[in-house]
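Below is one structure, written out as structure tokens, with a few remarks after it.
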Amino acid sequence: MSNSDSEDIQVIDRVLGGDVEAFTQIIDKYKDKAFNYIYGQIKDYDEAMDITQEVFIMTMEALRSFRRESKFSTWFYSIMVNYCKNYRKKNSRYNLVSMNSSRGDEEYDLQLPDERENPEEEVIMKESLRIVRDEISKLPDDYREILLLRDIQGLSYNEIAGILGISLSNVKVRIHRGREFLKNRLLARGLI
Amino acid sequence: MSDRHIQFQTLSDLYDDVLPADEREAVRRHLQSCEACALEYRRLGDTLKLCREYAGLSLPLDGLNDRTMSKIRSARTRRLVLRSLPAMAASVLVIVGVGLFSTGTVFVRDRATVAGSRLSYSDSERVIDIIRKHNATISQVTGEYVEGTVPVSSFNDLKKSMGFRRVAYMMVDESMPDENVHWGDAIEEVGHDTGQPVRDWAPLTGTGASRQYVRFRVFR
Ligand SMILES: [Zn+2]
């Protein structure tokens with residue numbers, strides 16, 4: 001177990017022992033990564049903020065059922081991944097996108113009608129990275145999820161297999177396809 | 001070798017260094033002599049470099065900590081208050097998804113719909129109704145179970161009214177904070193013909209006269 005993992009466990013023990021405020025440390029440690037994943041899934045900045053918050057609250061509420069059979073980070077990411085999955089499922093505009101986008105590269109230039117940019121974000125995010133985020137969020141569901149986990153969160157193949165509950169070979173295939181998809185899109189947008 | 005270009009998946013594996021050593025050498029040699037494949041590999045590298053740049057962004061998450069923590073604090077307070085109320089309409093229950101995590105499965109918290117979870121809405125309502133009739137308080141409703149607390153004196157009656165359900169329960173002190181409540185894995189099936197437990201319920205936490213309540217979870 002790495003240092004970072006045992007640190008997590010120490011904090012969790014404190015939280016479960018009644019020191020609820022210690023949970024801030026978990027939020028601090030994971031918020032950037034969690035947000036970048038969620039923002040890739042949910043294109044709206046404010047919505048992504050709310051969901052990030054919800055994911056932490058849910059993690060806190062479920063903390064006692066964390067069995068410590070995996071790393072805390074893996075467990076936390078499964079909560080996050082499943083939350084986003086359900087959220088998109090319930091939100092018809094995401095269904096629309098994934099239907100169109102799963103047909104292939106050619107169908108890709110459809111824009112979401114209710115897309116709205118956050119002015120605060122515009123200032124801070126470089127144009128090229130905004131395009132990267134946009135194109136990631138338009139990937140077909142399975143590829144977007146895996147790409148975010150592998151190339152945004154930097155998780156290992158094994159961790160991803162655990163989080164998604166799929167086989168290693170399946171993980172590999174999705175990584176290949178997701179990367180190829182994204183590469184073609186960034187090429188079409190003149191970024192690479 | 002130009003008629004046998006390298007497949008994208010192989011380039012991706014090379015990038016992640018998960019190719020077998022001999023294949024890796026062959027691919028490297030091909031990349032040195034084939035411009036098309038070398039270009040493709042560079043593009044993959046550029047794509048993933050951009051991903052890393054995006055991943056490294058620290059977007060302004062002002063107030064995220066404070067807002068999250070204050071929600072956590074108030075949810076806890078609300079739960080304690082709820083528990084002290086004698087009866088409660090289903091509509092005002094706070095529905096929290098305490099995950100019963102099996103590998104890779106998480107039940108997502110969902111305020112809007114109890115339906116769609118594993119415990120159907122009407123069944124939850126029925127359970128909640130029964131619980132309310134027995135002088136019990138309800139502290140949580142999730143897709144998996146309804147949790148409540150009932151005086152020991154009413155518990156046997158409550159159990160008999162449940163019909164055939166799976167229930168977990170333990171003796172508690174009403175003042176016992178949440179943190180000290182640990183549920184075992186054991187679930188008892190109630191509502192058989194005899195009205196008797198299928199087997200003895202062992203893991204009661206503690207004994208003594210001060211523990212006069214039973215905290216229970218009724219599962220679907
Ligand atoms: Zn070639």
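The values are calculated or read from the model by the stated rules, or taken from the named source; none is laboratory data. Computed from a prediction, not measured in an experiment: that's the story for all the values here. Counting neighbours? That spans all protein chains shown, and the Cβs are built from the backbone with ideal geometry, glycine included. Each accessible area value is taken on the protein alone, full model and side chains, heavy atoms only, with ligands, DNA and RNA left out. Shrake-Rupley method; radii C 1.70, N 1.55, O 1.52, S 1.80 Å.
Any idea how many residues of region A:146-183 are buried (at least 18 other Cβ atoms within 10 Å of the Cβ) and either in contact (Cβ under 8 Å) with a residue 24 or more places away in the chain or in contact with a Gly (Cβ under 8 Å, 6 or more places away or on another chain) (or both)?
21
Does B:ALA38 meet the test of being among the small types (Gly, Ala, Ser), at pLDDT 95 or above and open to solvent by 20 Å² or more (accessible area, probe 1.4 Å)? First the steps, then the outcome.
Details: among the small types (Gly, Ala, Ser): yes; at pLDDT 95 or above: yes; open to solvent by 20 Å² or more (accessible area, probe 1.4 Å): yes.
Against the criterion (among the small types (Gly, Ala, Ser), at pLDDT 95 or above and open to solvent by 20 Å² or more (accessible area, probe 1.4 Å)), B:ALA38 qualifies.
Please go through (1) within 16 Å of the ligand (Cβ to nearest atom); (2) open to solvent by 80 Å² or more (accessible area, probe 1.4 Å); (3) at the interface with chain A (Cβ under 7 Å from one of its Cβ atoms) for B:ARG43 and return the number of the only condition it doesn't satisfy.
Of everything listed in (1) within 16 Å of the ligand (Cβ to nearest atom); (2) open to solvent by 80 Å² or more (accessible area, probe 1.4 Å); (3) at the interface with chain A (Cβ under 7 Å from one of its Cβ atoms), B:ARG43 misses just condition (2).
Go through (1) over 20 Å from A:ASP46 (Cα atoms); (2) at pLDDT 50 or above one by one and return the number of the condition A:ASP105 breaks.
(2)
Among residues belonging to region B:15-35 that are within 14 Å of chain A (Cβ to nearest Cβ) and of a type in the set (A, V, I, L, M), point out the one that is nearest to the ligand (Cβ to nearest atom).
B:LEU19
Answer with yes or no whether B:LEU48 is open to solvent by less than 70 Å² (accessible area, probe 1.4 Å), away from the ligand (no atom under 15 Å from the Cβ) and within 14 Å of chain A (Cβ to nearest Cβ).
yes
Could you check region B:53-72 and list, in sequence order, the residues that are more than 7 Å from every other protein chain (Cβ to nearest Cβ) and assigned to a helix (DSSP H, G or I)? Lay out the reasoning, then the answer.
Filtering region B:53-72 down to residues more than 7 Å from every other protein chain (Cβ to nearest Cβ) leaves B:56, B:62-63, B:66, B:70.
B:ASP66, B:SER70 - these are the residues of region B:53-72 that are more than 7 Å from every other protein chain (Cβ to nearest Cβ) and assigned to a helix (DSSP H, G or I).
As an exercise: evaluate A:ILE124 against (1) open to solvent by 20 Å² or more (accessible area, probe 1.4 Å); (2) among the aliphatic types (A, V, I, L, M); (3) at pLDDT 90 or above and give the number of the one condition it does not meet.
(3)
Let me confirm something: among B:SER12, B:SER58, which residue is within 16 Å of the ligand (Cβ to nearest atom) and either touching a strand residue (DSSP E or B) at 6+ places or on another chain (Cβ under 9 Å) or among the small types (Gly, Ala, Ser) (or both)?
B:SER12
Please work out which one of (1) at the interface with another protein chain (Cβ under 9 Å from one of its Cβ atoms); (2) modelled with pLDDT of 95 or more is the condition A:GLN25 fails and give its number.
(1)
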